[in-house]
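**Student:** Please see the structure below; I have some questions.
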Amino acid sequence: MFDTKDFLEKLYNLDALRSGDTINTSSVNRIEPPVADAWPNEIHTHVRAAVERIGIPKPYAHQADAVRHSIDGHDVVMESPTASGKTLAFAIPMLDALVRDRRSRALMLYPMKALAFDQREQLRQLCLPLGVESWPYDGDTRPEHRNAMRKSPPQILLTNPEYLNMSFLAWRDQWEEFLSRLRYIVIDEMHEYRGFFGGNVALLLRRFFLHLERMGCRARVFLSTATCANPEEHARNLTGRAGIHIISARDVLQPKRHFIFVDPDIPDFRYRDILQLRVEQAALAVLREGLQCLVFCPTKRFLEDAFRNTRGEAEEDGLDPDRISAFHADLKSETRQDIQQAIKAGKVNVVFATNALELGLDIGGLDGVILAGFPASTMSAWQQIGRAGRGWDKDAFVLFYAMNDPIDRFFVGNLDTFLNRPFDELVVDPSNQQLIENHLPALSHETGGKLLAADEVVLGPTFYSVASEKMGKPIPGYTPHPNMNLRGGLGRSFKLKRGKEEIGQISAIRCFREAYIGAVFTFFGHRYRIHAHEESAVVLADAEPHEKTEAGFFNVVTVRQVHSGFAYGPVQALYGSLDIVMNYTGYRVIDERTGEQKSTGGSAAAHFENNLHAFLLNVPALYPAESGAVGALEHLIRVGAMFVIPADRFDTSTYSKPGEDPAAIFYYENYSGSIGVAKKLAQVWPTALEKGIEVAESCPCDHGCPNCIEPAKSYDMSNANIDKIAGIQLARHVLTRVAEGPDAVFRNGQLVAV
């Protein structure tokens, strides 16, 4: 039994916590799922025997349901929390198919290598007595092994989207035997496929299914997710396949976890260094208590420094430093696998990790996780938290340290809101024309440049229409697949360099807004001066600790096109796209101790962002729409959206025009084209606004603070003086009118009366 009070006392004693810290704690109770009487009779007797041999004589009810429908020939999507038995749910029908026909094959698609490795280790126990072989096929596989697998493939191959594209499709003639016998496809952790990555994978899967269709092969598909409120919709958008059967176990099981959320009392200019020290001391407390935990770090530099320091201090304190390890994607595959095995074997107690270990580590005995800063999204946070509490016989803890960031501090101040946040409604947009055009060279290569009328069923109407119009002929001898960046985003990024050391990276837009030459730039609490811009890097130098810079910006926002929307009397809620010109006018240097302006600098520049899809809310002046209220309304929508749609924290931004009639508020994506987030918000924005109001009203502040209303990002750098009370009043005016129903709908380029 985990004792939160006792653990907190130990953290105080080791200086991992201090008296000035803001600390919120809470616990969630265990819910054990219902168990079925037996595994379904439809399972092949050999597979049933293999399952019972590993000590699982009875399934959970949702496992039995999923197995039965999959064996019956249905595509299945299963949504259930972490540690709910998803692996067995898809492994049993997959093995059933492979045992019944030894010539048949299966392909398992994973978003991360650590997850694929862990899943293969679990599958081995079942596969060995059945004589079924499984092997990974990805960038960690040695070339000679990849060559051998192409010539003589095992019954199960585990791969990732990149290799599905670069090998199974780019060199599909070498996989003809395997693909012609493909009977089962597993798409695990489907919630990872969202945004631009999800859009790319959706188009990739359509290309893959088209190739299978032309070969006369239609394999069953099994998708799984732990954090998805719309599994059927997301599975359909991701795969393009209709008739997927849903198995939901959303609320039937839950481990007991104890949450400790901390906003440390640390000066901003020393935040990174002291926070790292706090995390190191917390890790040592775990080691001293003989517990086992993962420490999720925000960067590799943080990880490496904390790992080195903690090992050194452990040795000085007479503890075994070899029981502390580290894990990140840059390690050799053999090293990563050895670490995963050591964690499972209980040979290490503390592992400093990046999000490379966010998925795929199934350890029933893991005691807890430490989060050094809030992850990119609440979905990622729950994935990291889900590494602990996977066994039903013990409690687990979650210790979260906030960075000096409004979103981090918001969650410390609103722990119950975080714990009660509903599952994400995932969005993916396979109709993004910009992404479609990036896939056309590969599609041309795979189809010989010819589409059939029947292909529209597999590709979908938009992909088929764009391809029919714009797809050219394949270029002889040229394979376009390696040039496709599936995960990337379309925006450029720059390395952050201090001397010869690379300490991180920064997006192009943040470089423009925050890392202009001469700027004082804070990176994990350390202040740097931007010394120079290189072709692919930003060069940093040390800055005076009490200096800061303030830049001048003004934005020109133009509505490019309105696609859809409604009018509720004078209130308009629209979905469309924007063009934004961000104008930089220079900066001034300020001494924080005195407030004195020391100097000015910089020269005018502009940054152009085009075709940014957005949700637009127009509010007339007849409401109390002074600038402070409009600014607050903008931020209420932004805060509320975090709990309604699955946008990673830097995927979107907000902007408002308070001085116009009507006042305009924009919630827009930071990428050209569409990742589906703004479109989703346009459908559920009243719910987001209600959530924003709830969060703001639950906070005792008078004018708005980082715990309730201040945003993490906003392009409107002058919109600092927001009025919380007036903003809530304005929001309620808007919602009251919306509740009366729409008067007009946007159709064919104009608003038409309903």
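The values are calculated or read from the model by the stated rules, or taken from the named source; none is laboratory data. Computed from a prediction, not measured in an experiment: that's the story for all the values here. With ideal geometry, Cβ positions are generated from the backbone for all residues, glycine too; neighbour counts draw on all protein chains shown. For accessibility, only protein heavy atoms count, side chains too; no ligands or nucleic acids. Shrake-Rupley method; radii C 1.70, N 1.55, O 1.52, S 1.80 Å.
**Student:** Between Gln683 and Glu289, what is the label-to-label distance in nm when each label sits 7 Å out along the Cα-to-Cβ direction?
**Tutor:** According to this spin-label approximation, the distance is 4.3 nm.
**Student:** Okay, next question. Per-residue counts of other Cβ atoms within 10 Å, averaged by peptide: what ranking do you get for 215-222, 103-110, 434-441, highest first?
**Tutor:** 103-110, 434-441, 215-222
**Student:** Which chymotrypsin sites (Phe, Trp or Tyr not before Pro) in segment 486-582 sit in a loop by DSSP (not H, G, I, E or B) and have at most 10 other Cβ atoms within 10 Å of their own Cβ?
**Tutor:** none
**Student:** Sorting check: for 188-197, 299-308, 745-754, 72-81, which peptide has the highest mean count of neighbouring beta carbons within 10 Å, and how do the rest follow?
**Tutor:** 188-197, 72-81, 299-308, 745-754
**Student:** Under a Cβ-Cβ cut-off of 15 Å, what is the net charge of the residues other than Leu210 that fall near it, where Lys and Arg count +1 and Asp and Glu count -1?
**Tutor:** +3
**Student:** Please sort by residue number the chymotrypsin sites (Phe, Trp or Tyr not before Pro) in segment 418-491 whose DSSP state is loop and whose Cβ has at most 16 other Cβ atoms within 10 Å.
**Tutor:** Tyr478
**Student:** Please give the per residue accessible area of the chain, computed with a probe of 1.4 Å over protein heavy atoms only, in Å².
**Tutor:** With the other protein chains kept in place, the chain gives 40 Å² per residue.
**Student:** Could you check the simple spin-label distance between Phe608 and Asp15, using points 7 Å along Cα→Cβ, in nm with one decimal?
**Tutor:** A separation of 5.4 nm, rounded to one decimal place.
**Student:** Then there is this: Under the rule of -39500 (n - 2.57) per DSSP H run of 4 or more residues, summed and divided by the residues of the chain, what mean residue ellipticity at 222 nm is obtained, to the nearest 500 deg cm²/dmol?
**Tutor:** That calculation yields -11000 deg cm²/dmol at 222 nm.
**Student:** Evaluate E = 1/(1 + (r/R0)^6) for His46 and Lys347, where r is the Cβ-Cβ distance and R0 equals 45 Å; express this FRET efficiency to the nearest 0.05.
**Tutor:** Using R0 = 45 Å, I get an efficiency of 0.85.
**Student:** Still on this structure: Can you give the extra length, in nm with one decimal, that the chain gains between Asn485 and Asp317 once fully stretched, where that is 0.36 nm per residue apart less the Cα-Cα distance?
**Tutor:** 55.8 nm
**Student:** Suppose every K and R has +1 on its Cβ and every D and E has -1 on its Cβ; what is the size of the dipole of the chain about the Cα centre, in Debye to the nearest 20?
**Tutor:** Roughly 2080 debye, rounded to the nearest 20.
**Student:** Continuing with the same structure: Suppose a student asked you for the relative contact order of segment 397-528, using Cα pairs under 8 Å spaced at least 6 residues apart; what percent would you report?
**Tutor:** 17 percent
**Student:** Follow-up question, since we're still on this one. Just report the Cα centroid separation between segment 224-293 and segment 145-167, whole Å.
**Tutor:** With segment 224-293 and segment 145-167 each reduced to a Cα centre, they are spaced 31 Å.
**Student:** Over the alpha-carbon set of segment 171-226, work out the extent along each principal axis and list the three values in angstrom, largest first.
**Tutor:** Cα spread of segment 171-226 along its principal axes, largest to smallest: 33, 20, 16 Å.
**Student:** Here's something else I'd like to know. Normalised by the number of residues in segment 457-581, what is the relative contact order in percent for Cα pairs under 8 Å and 6+ residues apart?
**Tutor:** So the answer I get is 14 percent.
**Student:** Turning to a different aspect of this structure: Please say if the chain is rounded, prolate or oblate, where rounded means a/c under 1.5 for a ≥ b ≥ c the square roots of the C-alpha gyration tensor eigenvalues, and otherwise the choice is prolate for a/b larger than b/c and oblate otherwise?
**Tutor:** Because a/c hits 1.5 or more and a/b fails to exceed b/c, the chain counts as oblate.
**Student:** Could you work out how much longer the chain between Leu452 and Ser465 gets when fully extended? Use 0.36 nm per residue separation minus the Cα distance between them, nm to one decimal.
**Tutor:** In short, 3.5 nm is gained.
**Student:** Still on this model: Give me the number: length gained by fully extending Tyr478 to Ala376, i.e. 0.36 nm times residue separation minus the C-alpha to C-alpha distance, one decimal in nm.
**Tutor:** 33.0 nm
**Student:** In percent, how large is the relative contact order of the chain, given Cα pairs closer than 8 Å and 6 or more residues apart?
**Tutor:** So the answer I get is 12 percent.
**Student:** Could you pull the Cα extents of segment 212-365 along its three principal axes, largest to smallest, in whole Å?
**Tutor:** For segment 212-365, the Cα extents along the three principal axes come out at 64, 37, 32 Å.
**Student:** A follow-up question, please. So how do 288-298, 602-612, 149-159, 578-588 stack up, highest first, on mean other-Cβ count within 10 Å?
**Tutor:** 288-298, 149-159, 578-588, 602-612
**Student:** How many angstrom separate the Cα center of segment 37-92 from the Cα center of segment 421-457?
**Tutor:** 32 Å
**Student:** Would you mind estimating how fast segment 444-565 diffuses translationally, via Stokes-Einstein at 25 °C and 0.890 mPa s with the Kirkwood radius over Cα pairs, in µm²/s?
**Tutor:** For these conditions, the coefficient is 129 µm²/s.
**Student:** Then there's this: How many percent of the accessible area of segment 154-313 is carbon or sulfur, using a 1.4 Å probe?
**Tutor:** C and S atoms contribute 43 percent here.
**Student:** Would you grab the residues whose amide H sits under 5 Å from the one on Val428? Only those 5+ places off in sequence or on another chain, please, with H modelled 1.01 Å from N.
**Tutor:** So Val428 has HN proximity to no qualifying residue.
**Student:** Remind me, what semi-axes does segment 39-169 give for its equivalent ellipsoid, largest first in whole Å, using sqrt of 5 times each Cα gyration tensor eigenvalue?
**Tutor:** In descending order the semi-axes read 26, 16, 14 Å.
**Student:** How far apart, in nm, are the 7 Å Cα→Cβ label points at His145 and Ala744?
**Tutor:** Calculated label separation equals 6.4 nm.
**Student:** Among DSSP beta bridges lying fully in the chain, give the percent that are antiparallel, nearest 5.
**Tutor:** That works out to approximately 60 percent antiparallel.
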